[in-house]
Structures are given as C-alpha cells and as structure tokens.
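What follows is a single structure, written as structure tokens, with notes after it.
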Ligand code: PRT
Ligand code: ZN
C-alpha cells in the first residue's frame with residue numbers, strides 16, 4: 001500500500017495518556033515496531049502508523065490532515081476547538097468517542113483560607129490557567145467577568161506568588177491542590193481521553209481500514225467491563241435471575257439432561273459483576289455460578 005494510503009494516528013509521546021493509548025491500539029490487534037527516531041511506530045500487520053507527539057499538537061495534526069486520527073485529552077481538544085472558533089478558523093477535526101481513561105476535571109480552586117459562595121465570588125478576580133478559552137466560556141455562561149492570567153505550568157503556585165487570586169487547572173486525585181493549600185470549588189469541564197478523527201474524505205481503502213480499526217476499538221472498550229456468566233437456575237425463577245444479571249441482553253437458556261425444573265443460563269453482562277450480584281443470584285436459587293472475563297467481542 002502506498003505511503004499516503006497508510007493511516008496515521010497521533011498519540012502522546014510520553015505522558016499520562018501514552019501507556020493506555022498504545023495498549024488500546026495493541027488490543028485492537030496492531031503489531032508495530034518503533035522507528036529509530038522513536039517518533040514513529042510502523043504498523044507491521046495493518047497499514048497503520050503511530051506518530052508520537054506532544055499532546056498539545058494532536059488536534060492540529062488531525063486538523064491539518066497530517067494524521068487521520070488522534071488520541072488526546074478532551075480538555076485539550078475542546079480548548080483548541082474554542083480557540084479556533086474564536087478566531088473564525090475551521091475546526092475540521094471531529095470527536096469520534098471518549099475512551100474511558102485519563103479521567104480528570106478542570107476545576108476552579110481557591111486558597112483554603114478564602115470563602116467561595118458561588119460563581120459571583122469570581123467577579124473581578126484574577127484567575128491563573130492554561131485553559132483560557134474553556135475558562136472564558138465558563139465565565140460567560142455564569143455571567144461573571146474576571147481576569148484570565150494565562151500560564152503554561154505550575155499553575156498551582158500562582159496564588160502563593162501573588163500572580164492570581166485563584167486557579168483553574170486539571171485535577172485527578174486532588175493531591176496537588178491539597179499540597180498547595182488550595183480547595184476545588186467548581187468544575188469547569190469533565191475530561192477523559194478522546195479519539196478524534198479528520199473531517200476530510202479519505203480514499204476508499206484507507207476509509208475501510210479506519211472503519212475496521214474503529215470497530216475493533218468499540219469491541220475492546222466494550223469487553224473491558226464485560227463478563228460471561230454461566231449458572232444453573234430453577235426454571236421458575238428465570239424472570240428474577242434475568243432481572244439480576246447486570247446489563248445483559250437476552251440470555252441463552254439451555255435444558256439440563258434429566259432435570260426438568262432446572263436450566264443452564266449463559267449471559268454476557270456488559271457491566272462489572274460484583275460479589276453482591278452473585279449472592280443475590282444464589283438467593284434466587286442459582287447454583288454453579290461461573291463468571292468469566294470476555295476476551296474479544298465484535299458487535
Ligand atoms: O509533554 P506533553 O505536552 O505531551 O504532556 P503534558 O504534560 O501537557 O500532559 P500530561 O501528560 O500531564 O497530561 C495529558 C492529559 O492527561 C491531559 O491533557 C489530561 O487530559 C489528562 N490528565 C488526567 C491529566 C491529569 N489527569 C492530571 N492530573 N493532566 C494533567 N494532570 C496534572 C494537573 O495539571 C496537575 O498539575 O496533574 C496535577 C494534578 O494531579 P492530582 O492527581 O494531584 O490531582
Ligand atoms: Zn502538553
């Protein structure tokens with residue numbers, strides 16, 4: 001396949017999203033070797049290459065069609081989208097789906113000693129952030145005007161340095177805020193890793209590989225929580241057993257040889273199965289309950 005017929009995926013080179021993103025592609029069946037410059041991974045069994053880049057560059061790599069797909073924080077993607085819209089530039093990358101890792105929140109945080117009585121408290125304040133467009137949108141929605149001080153790193157020390165009254169930064173565990181005597185008071189945006197795709201029309205062969213990859217990704221993400229349950233149950237409690245199986249579609253019911261009143265039930269549950277559920281199933285008369293992980297799934 002010609003070089004420009006190969007799909008290029010932009011992934012963060014080294015950071016919080018790198019490991020999960022490469023793992024996701026690996027679980028889609030992509031076998032790749034890392035180039036000598038360590039910037040490109042060449043797909044060996046599919047016409048798909050991975051470009052390893054700074055996360056901030058990913059939206060534009062997809063927008064400019066240098067890459068066809070990118071995996072980036074929803075926060076980074078949405079910030080860039082707002083920035084492009086504000087300068088009336090075409091966005092031309094599309095959110096395909098979120099990926100359920102890299103969870104964090106863009107939060108407003110005030111020094112522990114300060115009171116916060118809702119968004120009106122922000123009026124006239126100076127807020128340090130690296131997400132000026134997301135913050136501006138939030139302030140607009142809340143109808144308050146505040147000064148935005150754009151900083152690129154170490155936002156959490158801005159109040160201590162007297163550079164801002166409060167901050168707007170990403171939070172996951174909350175430890176960084178606590179260590180800097182800051183307290184989160186409002187969420188500006190919920191974020192997680194997101195898959196973005198080019199808005200451009202791709203040649204047929206490339207499009208078909210991309211669709212194949214996206215379908216496999218759906219499968220990988222679906223099986224993560226999915227379990228296969230097998231159990232024996234009294235025929236009379238089938239309705240209750242079905243109700244107890246979390247997130248399952250119609251189960252398969254199989255007769256048991258020489259036993260008219262009990263059946264075997266097999267079902268795929270698309271949610272995690274907890275001990276409590278198993279205990280409830282047992283309470284409803286189930287026995288020989290087995291829970292197996294699901295390896296692959298193709299809808
Ligand atoms: O080098 P490059 O530019 O690619 O990396 P980067 O340093 O800009 O990004 P990186 O790897 O820090 O984050 C990549 C993406 O991970 C972000 O865009 C988010 O979508 C997501 N993510 C998830 C986070 C966090 N959690 C997170 N906690 N990004 C940053 N943080 C930082 C936050 O800014 C703060 O400094 O971690 C600190 C807070 O963490 P806690 O756990 O103390 O609350
Ligand atoms: Zn970055």
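Here residue 77 passes the criteria (1) within 13 Å of ligand 1 (Cβ to nearest atom); (2) modelled with pLDDT under 95 except the one numbered (2).
Checked against the criterion of being outside any helix (DSSP H, G or I), modelled with pLDDT of 95 or more and within 16 Å of ligand 2 (Cβ to nearest atom), the range 105-125 contains one or more residues that satisfy it. One residue alone among 38, 23 is modelled with pLDDT under 95, assigned by TED's automatic domain parsing to the domain that holds residue 65, out of contact with any helix residue (DSSP H, G or I) (no Cβ under 9 Å at 6 or more places or on another chain) and within 16 Å of ligand 1 (Cβ to nearest atom), and that residue is 38.
List the strands (runs of 3 or more DSSP E) inside the range 142-221, counting only whole elements, that have at least 3 residues being over 19 Å from residue 78 (Cα atoms).
182-191
Considering each residue of the range 166-182, count those that are farther than 15 Å from residue 106 by Cβ and either crowded, with 17+ Cβ neighbours inside 10 Å or not assigned by TED's automatic domain parsing to the domain that holds residue 112 (or both), and give that number. The number of residues fulfilling the criteria is 1.
Summed over the range 224-249, residues that are touching a strand residue (DSSP E or B) at 6+ places or on another chain (Cβ under 8 Å) and closer than 23 Å to residue 98 by Cα total 5. Restricted to the range 199-219, and to residues there that are free of Cβ contacts under 8 Å to residues at least 12 places away in the same chain and under 12 Å from residue 68 (Cβ atoms), the residue that is surrounded by the fewest Cβ atoms within 10 Å (Cβ to Cβ) is 201. Within the range 1-20, being in contact with a helix residue (DSSP H, G or I) (Cβ under 7 Å, 6 or more places away or on another chain) and within 16 Å of ligand 2 (Cβ to nearest atom) holds for 10, 11, 12, 15, 17. Filter the range 27-36 down to residues that are touching a strand residue (DSSP E or B) at 6+ places or on another chain (Cβ under 8 Å) and surrounded by fewer than 17 Cβ atoms within 10 Å (Cβ to Cβ) and give me whichever is farthest from residue 223 (Cα to Cα). That would be 35. Among the residues in the range 4-11, are any away from ligand 1 (no atom under 16 Å from the Cβ), over 20 Å from the mean Cα position of the chain (by Cα), in contact (Cβ under 8 Å) with a residue 40 or more places away in the chain and exposed (fewer than 15 other Cβ atoms within 10 Å of the Cβ)? Yes, the conditions are met somewhere in the range 4-11.
Against the definition (within 16 Å of ligand 2 (Cβ to nearest atom), in contact (Cβ under 8 Å) with a residue 40 or more places away in the chain, touching a strand residue (DSSP E or B) at 6+ places or on another chain (Cβ under 8 Å) and not in a helix (DSSP H, G or I)), how does residue 72 come out, yes or no? Please lay out each step first, then the result.
Details: within 16 Å of ligand 2 (Cβ to nearest atom): yes; in contact (Cβ under 8 Å) with a residue 40 or more places away in the chain: yes; touching a strand residue (DSSP E or B) at 6+ places or on another chain (Cβ under 8 Å): yes; not in a helix (DSSP H, G or I): yes.
Spelling it out, residue 72 is indeed within 16 Å of ligand 2 (Cβ to nearest atom), in contact (Cβ under 8 Å) with a residue 40 or more places away in the chain, touching a strand residue (DSSP E or B) at 6+ places or on another chain (Cβ under 8 Å) and not in a helix (DSSP H, G or I).
From the list 190, 222, the one residue that fits, being surrounded by fewer than 18 Cβ atoms within 10 Å (Cβ to Cβ) and farther than 30 Å from residue 117 by Cα, is 222. Taken over the range 49-62, the residue count meeting the criterion of being touching a residue at least 60 places away in the same chain (Cβ under 8 Å) and either within 13 Å of ligand 2 (Cβ to nearest atom) or surrounded by fewer than 24 Cβ atoms within 10 Å (Cβ to Cβ) (or both) is 2.
The values are calculated or read from the model by the stated rules, or taken from the named source; none is laboratory data. Since this is a predicted model, take the numbers as computed values, not measurements. In this analysis, Cβ positions are derived from the backbone assuming ideal geometry, glycine residues included, and neighbour counts consider all displayed protein chains.
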